[in-house]
Amino acid sequence: MAALSLPTKWRLRTRSLDLPHPHGKIRRPLLMGIVNATPDSFSDGGRYGSVEAAVAHGMRLVAEGADILDVGGESTRPFSTPVAPDEELRRVSEVVERLAAAAGVPVSIDTSKAAVAARALAAGAEIVNDVTGLTGDADMTRVVVETGAGVCAMHMQGTPRTMQVDPRYGDVVAEIREYLARRRDALVAAGVAADRICLDPGIGFGKTHAHNLALMAGVGTFLDLGAPILVGHSRKGFLAKILESGLGREPTAAERAAATAGAACRLAAAGVQVVRVHAVATVRAALDAFAACAG
């Protein structure tokens, strides 16, 4: 498969985002701030369960430098239980509407359900971020095509309930690269404009610790797919394992945040264009310092 050029823009439903383009220099990736309107997400479940708390958190992330806000109403942590569409809509609809009106940055809806995506897009969302790579709901691609939304298609082996039971790959980087290329081509064939597509290798979604480290080391392999690459590594278990091996104990939340920032610098050095994170201010500060020191 021939390498495609690194994109400079990501076209969304009503606007476009300028993407960092290295040109031989390290550039800070766009920061997608996480707004979990859920009671059970792995890192901050329940903290922003009310509409007011979720909106305030989103506005705080924008003040800290978020370029995108990703709103989710269903936890996709390992072994999580699916949420009914009506409940997911109850959690996210007003949050999306208010942030889309006030935040000043694009809002993404983190869902694999077409009905939730359609309602969120009607409320002002610009992006559909789907952990199933737009394969979990037969109507999702139609919704995206009809609305002209930007999309992020992620790789996941299995489902959130099963993905960490026994994930296996021959060559994890090569197999996920091939999967993402197939999803890109299928979406384009279905009518999604190529410049609306972002791809995510799915750190922590059906991967062992070794798989996650291999993906982080080989993330540059995905850059020739002709789409912006998004990585969501924030506070995940593989970072905790790295820290535990040195500390000899469970890391604190602050230590996980520091590890997230350190790993984000690795992603920036590789040319990744979007990183999805919880602690926007911490990660932005680390990335800005790293890029400045790298020249």
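Other residues within the sphere of radius under 12 Å centred on the Cβ of I109, judged by their own Cβ, net out at -3 (K and R +1, D and E -1). Taking the chain as the region of interest, the number of lysine pairs whose Cα atoms are within less than 25 Å, with members eight or more places apart or on different chains, is 5.
Going by the alpha-carbon gyration tensor, a ≥ b ≥ c the square roots of its eigenvalues, is the chain rounded (a/c under 1.5) or, if a/c is not under 1.5, prolate (a/b greater than b/c) versus oblate? In terms of gyration-tensor shape, rounded.
Summary value for the chain: 21 percent relative contact order, contacts being C-alpha pairs under 8 angstrom separated by 6+ residues.
About the centre of its Cα atoms, the chain shows a dipole size close to 520 debye [charges on the beta carbon of Lys, Arg (+1) and Asp, Glu (-1) only; nearest 20 debye].
Most tightly packed first, judged by the mean number of other beta-carbon atoms within 10 Å of their residues, the peptides 250-262, 119-131 read 119-131, 250-262. Mean-square fluctuations from a GNM of the chain, with a 10 angstrom spring cutoff on Cα atoms, peak among V83, V62, V35 at V83. Under a model in which nothing but the beta-carbon of Lys, Arg (+1) and Asp, Glu (-1) is charged, segment 204-295 shows a dipole of about 180 debye around its Cα centre. Listed as lacking a disulfide-compatible partner in the chain: C265, C293, by the criterion of no other cysteine Cβ under 4.7 Å. Take the chain with all the other protein chains still there, run a 1.4 Å probe, and you get 40 Å² of accessible area per residue.
Pairs of Cα atoms under 8 Å, at least six residues apart: use those to get the relative contact order of segment 33-155, whole percent. The value is 20 percent.
May I ask you to give the percent of accessible area on the chain that is carbon plus sulfur, with a probe radius of 1.4 Å?
That fraction is 54 percent.
Taking each full run of DSSP H in the chain as one helix, which ones are at least 24 Å long along their axis (Cα atoms) and have mean Kyte-Doolittle hydropathy of at least -0.5? For the chain, where a helix must reach 24 Å along its axis and average at least -0.5, the hits are 85-102, 172-189, 253-270.
Approximating the spin labels as points 7 Å out from Cα along Cα→Cβ, the E94-to-A292 distance works out to 4.1 nm. Of the candidates P201, P20, P82, which one comes out as most mobile in a Gaussian network treatment of the chain with C-alpha springs shorter than 10 Å? Highest fluctuation of the listed residues: P82.
Between the amide H of L19 and those of K9, W10, distances stay under 5 Å, these residues lying 5 or more places away or on another chain, with hydrogens modeled in the peptide plane. Estimated at 0.36 nm per residue, the fully extended path between A217 and E146 surpasses their Cα-Cα distance by 21.9 nm.
The values are calculated or read from the model by the stated rules, or taken from the named source; none is laboratory data. These figures come from a predicted structure and were not determined experimentally. Here the Cβ is made from the backbone with ideal geometry for all residues, glycine too, and neighbour counts use every protein chain on show. SASA here: full protein model, heavy atoms, side chains in, ligands and nucleic acids out. Shrake-Rupley method; radii C 1.70, N 1.55, O 1.52, S 1.80 Å.
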